[in-house]
Amino acid sequence: MLARTLARIDLKKQQGLRTPDELWIVDHNDVYTLGQAGKEEHILQRTNTPIIKTDRGGQVTWHGHGQLVIYWLFDLNSLGWSVRNLVSHAEQAIEDVINDCLQNASSDTTAISAHARRDAPGVYLYADTSLADDSDNTDTLANSTSIDDKMMLGKMASLGFKIKHGFSYHGIALNLNCELSAFNAINPCGYAGMQMLRLSDFVAMQKESDEQTGEALSYAQVTQKLIDNIAKRHAGLIELRALAPK
């Protein structure tokens, strides 16, 4: 990923060539990754899972099977995006997909919605019990950018980017149907006691061996939803929403 980014930087600087931006869809074996400024004190327990130091931002996190990881290899200057734009597009793309899955799942999830936070990068689930029994407000939660008066349930997606000469790499990790126990050995993203969540605990998701039948979502379907949303944002077809208040 770094080698690819350095090559793109060189082509732009030396020859003025703009290379196509890329999304890398990654399925990791179990691994803990520690950000460039990561503190090892956030690793609470040493296990057999490798710990890899990386050059991305952020603290320690876990990657493994059942987690959707997408690396964004984008030329931010050519897109006209700031680093804040990149982070917001990433968070809002994840919000869109999670909320779409929740809304289409069942009435049991109408009071749950995904939101980013200004004080802690990533995407979190919130519950609003005041609207749980109001059938006229099923769209209100997903479309609202406010998280006031909502109860945070935990974190479902993490972000960690690296920017070099205006080019981004590394990216996002969304928990779909992974085992969450690996997070018990760390302070996820440096937050002690942070509850990590997965989509399969809120909507029906197929196991890898299942046939794609019925209403249960597959890993591939969620992946395609997120790719499609990111592609539209990259093409300028989805504008950024106003950032949630701090």
³J(HN,Hα), Karplus 6.51/-1.76/1.60, whole Hz, each residue of the range 89-95, x for Gly, Pro: 4, 5, 5, 6, 5, 5, 3
Computed helical MRE - 222 nm, the chain, DSSP H runs ≥ 4 contributing -39500 (n - 2.57), nearest 500: -7500 deg cm²/dmol
Positive-end residue of 44, 193, 102, charge dipole of the chain with Cβ unit charges: 44
Percentage of interatomic Cα-Cα distances in the chain larger than 28 Å: 34 percent
Label-point separation, residue 77 to residue 220 (7 Å along Cα→Cβ), nm: 4.0 nm
Fully extended contour minus Cα-Cα distance, from residue 3 to residue 31, at 0.36 nm per residue: 8.0 nm
Potential extension, residue 85-residue 14 segment - 0.36 nm per residue separation minus Cα distance: 22.9 nm
Gyration tensor over alpha-carbon atoms, the range 16-56, equivalent ellipsoid semi-axes in Å: 30, 15, 6
For the range 1-110, radius of gyration divided by Kirkwood radius, i.e. Rg to Rh on alpha-carbons: 1.04
Amide H partners (placed H, <5 Å) of residue 196, local residues excluded: 155
Ranked packing of 193-200, 14-21, most packed first, by mean Cβ within 10 Å: 193-200, 14-21
Per-residue HN-Hα couplings for the range 64-72 [Karplus 6.51, -1.76, 1.60; θ = phi - 60°; Hz; x = Gly/Pro]: x, 5, x, 10, 8, 10, 10, 9, 9
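Every number in this text was worked out from the coordinates using simple rules, so none of it is lab data. Note that this is a predicted model, so its numbers are computed, not measured. Cβ sites come from the backbone with ideal geometry, for glycine too, and all protein chains shown count toward neighbours.
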